[in-house]
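A.B. asks: Starting off with a structure, shown below.
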Amino acid sequence: MKIIGITGTLGAGKGTIVDYLENEKGFAHFSVRQYLIHIIEEKGLEINRDNMVKVANELRAEHSPSYIVEMLYQQAQQQNKNAVIESIRTPGEIEFLKKQGNFILLAVDADPHVRFNRIKQRKSSTDDIDFETFIANEEREMNTTDPYKQNLIKCIEQADIVLNNDGSIEVLFSQLEKLLDI
């Protein structure tokens, strides 16, 4: 079983990569976002980025820096097939997955204006924001010394493969084919 973890900046194309791996390569998909939305709904909270960050940080502080990814990894093991875990956000999550073996961390980034336009097009409930809020949300998740909170800079630095996704979907998929042995 091969596990590909995906990290990256907001709106960079993580979901597009997941769709490709799932639909074209037969990977099972496990989403930190969907895991958190389920918990947020159980708690009766509004589904927004602030609550997603809050709930994720609470779960990590209560259990471990890798807790959410550990739960998703257990689900992946039950399916016993290649899997992609989307939205790796902490170095602890990476450390856990690397210990499991056969793990590749993929990071994706793009120009902030390109990414903002993408999130506006997907129209999810957490994306109904202006550009300043978009940048502020990302800054909040970029760097911390707290192991229980998001640290995208450290995650991107630890990636085995870093993709720039300023171009077309075809260019992105071509990069994936070339860089991933799948």
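The values are calculated or read from the model by the stated rules, or taken from the named source; none is laboratory data. All values reported here derive from a predicted model rather than from experimental measurement. FYI the Cβ positions are ideal-geometry reconstructions off the backbone, even for glycines, and counts take in every protein chain you see. What goes into the accessible areas is simple: the full protein's heavy atoms, side chains included, and nothing from ligands, DNA or RNA. Shrake-Rupley method; radii C 1.70, N 1.55, O 1.52, S 1.80 Å.
A.B. asks: Tally the DSSP beta bridges in the range 1-145 and give the antiparallel ones as a percent, rounded to 5.
C.D. replies: Expressed as a percentage, antiparallel bridges in the range 1-145 total about 0.
A.B. asks: While we're looking at this one, here's another question. What's the extension gain from Asp50 to Val171 if we count 0.36 nm per residue and subtract their Cα-Cα distance?
C.D. replies: Once the chain is fully extended between Asp50 and Val171, it gains 40.3 nm.
A.B. asks: Another question about this same structure. Counting heavy atoms of the protein chains only and a 1.4 Å probe, report the per residue accessible area for the chain as a whole number of Å².
C.D. replies: Ligands and nucleic acids excluded, the figure is 49 Å² per residue.
A.B. asks: Right, here's the next one. Hey, what do the phi angles of the range 92-105 turn into as Karplus ³J(HN,Hα) couplings, whole Hz, using 6.51/-1.76/1.60 and θ = phi - 60°, x for Gly and Pro?
C.D. replies: x, 5, 5, 4, 4, 5, 4, 5, 6, x, 6, 10, 10, 9
A.B. asks: Let me ask something else about it. Where does the charge balance sit around Leu163 when Lys and Arg score +1, Asp and Glu -1, over other residues with C-beta under 12 Å from its C-beta?
C.D. replies: Neighbourhood net charge equals -2.
A.B. asks: Report the accessible area of Tyr67, computed with a 1.4 Å probe over the heavy atoms of all protein chains in place, in Å² rounded to the nearest 10.
C.D. replies: The value for Tyr67 is about 40 Å².
A.B. asks: R0 = 30 Å: FRET efficiency of Thr144 with Leu180, Cβ-based, nearest 0.05?
C.D. replies: That pair, Thr144 with Leu180, gives E of 0.55.
A.B. asks: Residue by residue, what Karplus-based ³J(HN,Hα) values in Hz, rounded to whole numbers, does the range 128-134 have, using 6.51, -1.76 and 1.60 with θ = phi - 60° and x for Gly and Pro?
C.D. replies: 7, 9, 8, 4, 4, 5, 4
A.B. asks: Follow-up question, since we're still on this one. Taking a cut-off of 17 Å between Cα atoms, list the aspartates and glutamates near Lys99, but don't count ones fewer than 8 places away on the same chain.
C.D. replies: Glu70, Asp160
A.B. asks: With every protein chain kept in the model, how would you rank Ser168, Ser66 by accessible area, 1.4 Å probe, largest at the top? Intermediate values should be presented prior to the final figure.
C.D. replies: Values: Ser168 50, Ser66 10 Å².
Sorted by accessible area, descending: Ser168, Ser66.
A.B. asks: Over what distance in Å are the Cα centres of the range 45-75 and the range 133-182 separated?
C.D. replies: If you average the Cα positions of each part, the centres end up 19 Å apart.
A.B. asks: Across the chain, where is the longest run that never hits trypsin sites (Lys or Arg not before Pro) in a DSSP loop with at most 13 other C-beta atoms within 10 Å?
C.D. replies: The longest such stretch corresponds to 124-182.
A.B. asks: Here is a further query. What figure in square angstrom, to the nearest 10, would you give for the accessible area of Thr126 with a 1.4 Å probe?
C.D. replies: Answer for Thr126: close to 10 Å² accessible.
A.B. asks: Once amide H atoms are built 1.01 Å from N in the peptide plane, which residues 5 or more positions from Val108, or in another chain, come under 5 Å H to H?
C.D. replies: Thr7, Gly8, Thr9, Leu163
A.B. asks: Tell me the chymotrypsin sites (Phe, Trp or Tyr not before Pro) within the range 79-166 that lie in a loop according to DSSP and have at most 16 other beta-carbon atoms within 10 Å.
C.D. replies: Filter output for the range 79-166: empty list.
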